[in-house]
Structure formats: C-alpha cells, structure tokens
1. So how many residues does the stretch 90-108 have that are closer than 22 Å to residue 317 by Cα, surrounded by 11 or more Cβ atoms within 10 Å (Cβ to Cβ) and not aliphatic (A, V, I, L, M)?
2. Which residue pairs have Cβ atoms closer than 7 Å, lie 6 or more positions apart in sequence or on different chains, and pair a first residue in the stretch 166-185 that is in contact (Cβ under 8 Å) with a residue 40 or more places away in the chain and farther than 20 Å from residue 120 by Cα with a second residue that is in a loop (DSSP other than H, G, I, E, B) and open to solvent by 60 Å² or more (accessible area, probe 1.4 Å)?
3. Kindly indicate whether residue 142 is closer than 21 Å to residue 283 by Cα and of a type in the set (Val, Ile, Thr).
4. Among the residues of the stretch 307-331, which ones are open to solvent by 30 Å² or more (accessible area, probe 1.4 Å) and touching a Pro at 6+ places or on another chain (Cβ under 9 Å)?
5. Out of 75, 32, 18, I need the residue that is within 31 Å of the chain's Cα centre (by Cα) and surrounded by fewer than 20 Cβ atoms within 10 Å (Cβ to Cβ). Which one?
6. I need every pair where a residue in the stretch 259-272 that is under 23 Å from residue 433 (Cα atoms) has its Cβ under 8 Å from the Cβ of a residue that is at pLDDT 95 or above and open to solvent by 50 Å² or more (accessible area, probe 1.4 Å), sequence separation at least 6 or different chains.
7. Out of the residues in the stretch 167-195 that are under 17 Å from residue 136 (Cα atoms) and hydroxyl-bearing (Ser, Thr, Tyr), state the one that is modelled with the highest pLDDT.
8. What's the number of the condition residue 32 fails, among (1) in a strand (DSSP E or B); (2) more than 30 Å from residue 176 (Cβ to Cβ); (3) of a type outside the set (Phe, Trp, Tyr); (4) in contact (Cβ under 8 Å) with a residue 40 or more places away in the chain?
Amino acid sequence: MEQNLTAFADRVLQAATEAGIAPAEVACSRDEAFSVRVRKGDIEDYQVSDHMSLTLRGRVDGRIGTSSTQALDEESIDLLVRGVIESAHLIETDEQDDILPPDERYGSVCNYAAALNDISEQDKIALALDIDARLQGRDARITPDDTVVASADEAYCLKNTLGLDLSHHSNMLYACTGVLAKEGERAATGFEIRWGFGIDAIDPEEMARTCCKDALSKLQAQRLKSGVYPVVIRNSAMAQLLATFSGVFSADNAQKGLSLLAGREGSVIASPCLTLTDDPLMPWGLASCPFDREGAATRKKNVIDGGVLTTLLHNRKTARKAGTQTTGNAAGSGRVTPFNLYIVPGSLTAEQLLLNLCDGLYLTEVSGLHAGANPISGDFSLLARGCLIRGGKVECTVEQFTVAGNFYQLLTDIQSVGSDLLFEASPIGSPSVMVKSLHVAGED
C-alpha cells in the first residue's frame, strides 16, 4: 500500500514540475477500516471502507496554490495540477505556509503490526460474537447491549521537490461492549473497551466479566450530599477531562485568544507533582509518527514540567508568530494538535491514592463533556458517578450528581499522581490523580 502511494505521489510531482510549479509538495493518505456490531448473537451492522486522498501544493508566480482529490488515478493528475495553478492565482494574502526541505534527522517509531493483516474479517466477527455470547446468561439482571469489533489501517506519505520523502504506516484493533443491569426499579449500564495490535490483546472473558461487574456495582448506588469534596479522579475520567481541554495547550488557540495560557511559558500553572508530556515517538502509541503534517521532525517534550509550562504546541506558522521553533505538532489545514499526550505517572497505586484520600469522593465517570465544559475558560459542570470513600475504603457507589470546577485550577490542585497510566483507545491518557477539592451538586 505504501509503495503504491509513493509511486503515485512521484507521478504527481513530476507533472507539477513539468507545469512550472516549483516547489511542489504532495500529501497522500489511504485509510482502511472495518467494523462489525453484534447484539444477542446477531450481526446488526457490518462496514468495510477504503478511503484515499491526495493534496498537491505548489508555488506559482509567488503564491502557493492547493488542490485535492479522492481519486488516485491518472485522470486526476492533470486536474490536480490545473487546480493548483488556478487557486494560486486567486490567493491574495502573503501569509502562507511555505514548502520546505526536510529536517536533518527524524526519529523512528513503530505502531504497525503486520500480524493484524492476518486477522480475517471472519476472525473479527467471531471475536465480537464470542464477547457477546459470554454476556448472555451471565446474570439474570444483565441484558447485553451492542458489542463492536473494529480495525483501522492508515498509510501516509509526504513528498516534495526539495528532497522531502517521508512515509508512515499504522494500524490497530479495538473492541467495546456494553450491558444494561436491572433489579426492581433500579437500572445501570456498564461499558468496557479494549484495544491493541493483535487478536490476543482482547480477552473476551475478561471483557464480559468486567463489563457486567461494572454495571452490577452501580445498582446499589446512593445519592451523594452536596458539598465540597476532596477527590481521587480515576484514570479514565481524568483522561477524558484532559482530552476535552487539550486545546488550551495549542499555540494556535492561544494566539487566537482561545486559551488562557497565551504568553505564560515559563510560569507555574500546575502542581509541582504534575508533568504533562507529548510523545510522538512512543512505541506502539496510537498517534505515534516521526513527522508532522508539515514534514517537521517530531520529538518528545514536556508541555508542563514539574508544574511549569515549558512550551505550547506549535506548527511552523504559530512558531514564526511567537519567535520560536515548531514543536512538530502540525495537523494540517493550520491546526495544531498533540500526538500522544499524557500525565506522567507517579509511584502510587489507585488503592494507595484512596488510602491517602481517607474520606472523600472517588470520581469514576464523567459525562456531558461537550455541553458541560467550556474549553476556553476551563469551567466544567458534568454529570458524574463514583464511590464515597471512608477511611480509605469504598463505602458505597454514588450517582445522580454533578461535579463542577475549572480545569486550570484543577491542574494546580492536584496533590498526588498515580501509577496507573491508561490510554483508553485514545492517544490522550492519564493515571488516576488526587485533587484538593471539587464542588458537588447532589442531594441537599
């Protein structure tokens, strides 16, 4: 797949050069995806997709034009070239992303497992049916919901006439399942997700057992009194919060007034126990890649180091405005995003964090992140579930409350960081953290 992409990219560059477009650059990708959804032993949905795209950029009479296609065939080459020439003549601004030669050195990373190619569609369907079957009859109170098994495979190449010649191939497999638990008038849901780079990364029995246990544990949930509670936030919930507010670390957002971190590099913005890292070269990271979408070499860096904001995330355009160097976080179309962003884990287990908490709230789930979180101000008010902690032990599960706070304040209020770093089918991860306090609106 990669060879076909690069060969076609070469033909496009040659045609662009012959048309007087200089320099010229091609970004080409192919995404293959599979998913199957089963419920109660039946296949409810089955999808296979193969999506290709190519973008040609080039300088014509001092302006850079752009043209794209989803048809990688010979007929599209002439259309791409003419599209670049026409769009360049329509450009009126001098502020454009330039086409540059390659960096001196690029890192290496692997998040592609060739063995995934040997897993047939029938194998993936069988895995989904197996997980679903293990939910059936497990407990009279349990009704299985959907089980989904999916895979993704992406090949990407970036080439230009100044010597840039980069390509990367990645893939992954994941499964998720859900159940409804009912007992009398009470009902609760459970959900589990697993991912990896081989069929053996997903244990059907463990998934079914954990999902059912999660739902059943919520059936006896009680109401939580309103108040201000010291809190341990579970790794999965903290990762969701971090993902929701990750845009505040984008220099592009900061320069547009969409982040309160503008100009705060070198300042203390978080607890001294907090280090936040973006690692594009993480082995088997979901978003790992040795180069960004501008062809800049990527590197591991601490965005926050011991509570100090060391850098925002830059592409070349935002770096020029700030008088600094790109951090290799260009995502295309002017966007800036992290790769594998995570809070560096500490040494305490989740159980030790709860013991240190002594009395408080163990926040295990948050929802309503799109409606209840303001990614600019950092304010959030979210529906939540959790456990009431007494003497460092779980006293009972609690539900039907909202937890409110501010993400910027949360960073400063983190008192301890756990060792249980989790990436839940996302390139943004976190361990559990203990926080000084959060406001809870529950039962009066």
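1. At the first step, the residues of the stretch 90-108 found to be closer than 22 Å to residue 317 by Cα are 90-106.
This time we only want the ones that are surrounded by 11 or more Cβ atoms within 10 Å (Cβ to Cβ), so: 91, 96-103, 106.
Subset that is not aliphatic (A, V, I, L, M): 96-98, 101-103, 106.
Qualifying residue count, the stretch 90-108: 7.
2. From the stretch 166-185, the pairs are 181/141; 182/141; 183/141.
3. Numbers: closer than 21 Å to residue 283 by Cα: no; of a type in the set (Val, Ile, Thr): yes.
Judged against the criteria, residue 142 is not a match.
4. Filtering the stretch 307-331 for residues open to solvent by 30 Å² or more (accessible area, probe 1.4 Å) gives 308, 310, 316-317, 320-326.
Hit for the stretch 307-331 is 308, nothing else.
5. Values: 75 fails: within 31 Å of the chain's Cα centre (by Cα); 18 fails: within 31 Å of the chain's Cα centre (by Cα).
On inspection, the qualifying residue turns out to be 32.
6. Qualifying pairs under 8 Å: 269/412; 270/412; 271/412; 271/415.
7. Looking at residues that are under 17 Å from residue 136 (Cα atoms) and hydroxyl-bearing (Ser, Thr, Tyr), I get 177.
8. (2)
The values are calculated or read from the model by the stated rules, or taken from the named source; none is laboratory data. Not measured: the values here are computed from a predicted model. Neighbour counts are summed over all protein chains in view; Cβ atoms, including those assigned to glycine, are modelled from backbone coordinates with ideal geometry. Surface accessibility is based on the protein's heavy atoms, side chains included, excluding ligands, DNA and RNA. Shrake-Rupley method; radii C 1.70, N 1.55, O 1.52, S 1.80 Å.
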